[in-house]
Structures are given as structure tokens and as C-alpha cells.
1. Can you tell me which of Ile135, Ile121 is open to solvent by less than 30 Å² (accessible area, probe 1.4 Å) and in contact (Cβ under 8 Å) with a residue 40 or more places away in the chain?
2. Just to be sure I understand the filter: pairs with C-beta atoms under 8 Å, separated by 6 or more residues or on different chains, first member in the range 141-161 and open to solvent by 60 Å² or more (accessible area, probe 1.4 Å), second member outside any strand (DSSP E or B). Which pairs pass?
3. Please work out which one of (1) open to solvent by 20 Å² or more (accessible area, probe 1.4 Å); (2) at pLDDT 90 or above is the condition Glu85 fails and give its number.
4. Being acidic (Asp, Glu), free of Cβ contacts under 8 Å to residues at least 24 places away in the same chain and surrounded by 14 or more Cβ atoms within 10 Å (Cβ to Cβ), is that true of even one residue in the range 55-69?
5. Which ones in the range 184-200 are open to solvent by less than 70 Å² (accessible area, probe 1.4 Å), in contact (Cβ under 8 Å) with a residue 24 or more places away in the chain, within 20 Å of Gly146 (Cα to Cα) and in a loop (DSSP other than H, G, I, E, B)?
6. Give Asp140, Asp81 a once-over and let me know the one that is of a type in the set (D, E, K, R) and under 30 Å from Pro240 (Cα atoms).
7. Looking at Gln273, Gln254, Gln249, Gln228, which one is out of contact with any Lys or Arg (no Cβ under 9 Å at 6 or more places or on another chain) and within 30 Å of Ile135 (Cβ to Cβ)?
8. Got a sec? Which of Leu80, Leu148, Leu123, Leu105 is part of a helix (DSSP H, G or I), more than 25 Å from His3 (Cα to Cα) and not charged (D, E, K, R)?
Amino acid sequence: MEHFSALPIFVTIVECGSFSLASQKLGLSKSAVSKRITLLEQSLGIQLLHRTTRSLSLTEAGARYFDYVRPAVKLAEEGLDAISELQQAPQGNLRIAVPMVFGRLHIAPLIPEFLRRYPKIQLQMQMDDKTTDLIAGGFDLAIRIGELPDSSLIARKIAPCLSVICASPEYLARHAAPQTPQQLSQHNCLFYSYFRDGVEWTFLSPQGPTRIQPNGNYQVNNSDAIHQATLDGLGIANLPRFMVDTDLQTGHLQALLADHPLPEHGIYAVYPQRKYLPTKVSVLIEFLMELLAERLGK
């Protein structure tokens, strides 16, 4: 029994990448976590982890063992989630991954209210524009924007995402505003590195979609940086309205090509396929659908 009780600790250490982070997540002292792993290795008669003062890595045996025990630990956690529905309030650890800028603007401001509603939930949020591997990262839920690739994940649309081609008055004072998508070739366009459609911008019309590959001298993997460069008059950008609506209302940015709308994308809650969706996950999805509809005006 001592052996099996150490398995969640071993899995948490590997997922966190350090004893310190694992001890914080588990609510145990670092020495207690280290002792449990030492006892686990002694009971197995083999070393699972290479430890130095600066790094932590799996041995070959540890990697093989982790591949087997991690699904077992996750299945046990699902069992706890299933019976937690019998409790009066959602509870437990909830790990979510959200895009950096959307998370900062629209998810992070809602978290205090969510935790006031559900005080027995312990929420961990990772903000990153890269597409996170939910399974490998041990996440319960991710927020993703745009077209979703085919996968084994379950996706639920929680809000629409509208985009706009825009530029600052300063830029437009120096360059005549484009009247057609094709005229973007005469302008400096700014690119977001993680845009799912690459550098291709698609415009809709009764005749069908028009796809443009605009040119520009600035590409960056953070939409806040694109936003700021657009405000500073560097060029024309394709930005989500959830980021620039205030700028459009105040005149700091101007919408362009209004007769050539961009496709509507979705904001999705994405989660791993499983037999039972934990209550803590379902209440977060419902909460976000309720509040984001209000914040995004839809």
C-alpha cells in the first residue's frame, strides 16, 4: 500500500519537473516528497529519477514506469471526480491553459468571481499562446481560438470571435487606406506568428472568399506586440475585436475594408475525451459561456 500511495507523488513530480513545484502542488514539504520517492525506488529496487541540484530527469526505467502508472493515476482521479458529483459543491484541482492576451483581457478578470462561487476548487491557469498538449501537460481544459485541427479532444464553442483589419490614423495619414483586399499589397502588414491560417488573410464576399498573402516587415508571436505596433503607426494588422474594440470606439484605430468582412471564428473550451466530465470542468465552461457572452456583447 505504501508503494501505491507514492504513485501520485511520482507522477506529479514528473509533470511539474521539480520536487519544489510538486511539493507546492501536493501541499507537502519538499523533504516529505523526496522521502516518498526514495522509499518508492527502494521498494522497486531501481532508480526512477536522476537528481542534481539544478535538474531532474527520468531514468530509462523511470520513463517506462511513468508511461504505465500515469494513466492509472489519472483514472483514479477520474473516479474521484465522478463521486465528487455527490458532494454539494464542485471541488478539487482544476488546471486550465489559455491564450496569453485573451486570458489576460477576458479570462483572468473573471477568475475571482468564479472562485467566489466555487471556493472548494483550486484553480491553476497557464497563459501561453502556444497550443498546449492537454494530455501531456495534465490539463483539464484549454481555451482555443480559431479553426480547430482534428483531434481526439472534445470542443465546445463558448463565444464567437470576430476580427478586423485596422490601422492607426497616423499610418493612414501617410498611406491611403486600401479599398480592396488586393490593395493590401501596397501596404506594410503586421503578422502574428501563431495565426492558425498562417500569413494568409481571408475575406468574404458574395462571389466567394478572397485569400490574400499580404507583405510586411514585422512578425511576432505575441498579439499584444502587434496591437502596440499598430497603435504606433507601423502598419496594418488583422486583430480580434476583443482586443481592439475600445481603440476603434475612441478613434485610436480605424477599421478598414468594411465591405470585405473577415470570417467569424470561435472561442472554444477544449478538453480531453473521458468517460465522465468532472463537475469542476462543466461549471467552469458554463460560467465562461455566461460571462463571456456578456463581456463580448454577444
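The values are calculated or read from the model by the stated rules, or taken from the named source; none is laboratory data. Values in this document were obtained by computation on a predicted structure and should not be read as measured data. Every residue, glycine as well, gets a Cβ built from its backbone with ideal geometry; the counts of neighbours run over all protein chains shown. Ligands, DNA and RNA are excluded from the accessible area calculation, which covers all protein heavy atoms including side chains. Shrake-Rupley method; radii C 1.70, N 1.55, O 1.52, S 1.80 Å.
1. Going through Ile135, Ile121 in turn, the sole match is Ile121.
2. Sorted first by the residue in the range 141-161, then by its partner, the pairs are Glu147/Arg196; Glu147/Asp197; Ser152/Pro272; Ser152/Gln273; Arg156/Ile285.
3. Among (1) open to solvent by 20 Å² or more (accessible area, probe 1.4 Å); (2) at pLDDT 90 or above, the lone unmet condition for Glu85 is (2).
4. no
5. Across the range 184-200, the qualifying residues are Ser193, Phe195, Asp197.
6. None of the other options fit; the residue is Asp140.
7. From the options Gln273, Gln254, Gln249, Gln228, the qualifying one is Gln273.
8. After ruling out the rest, the residue left standing is Leu105.
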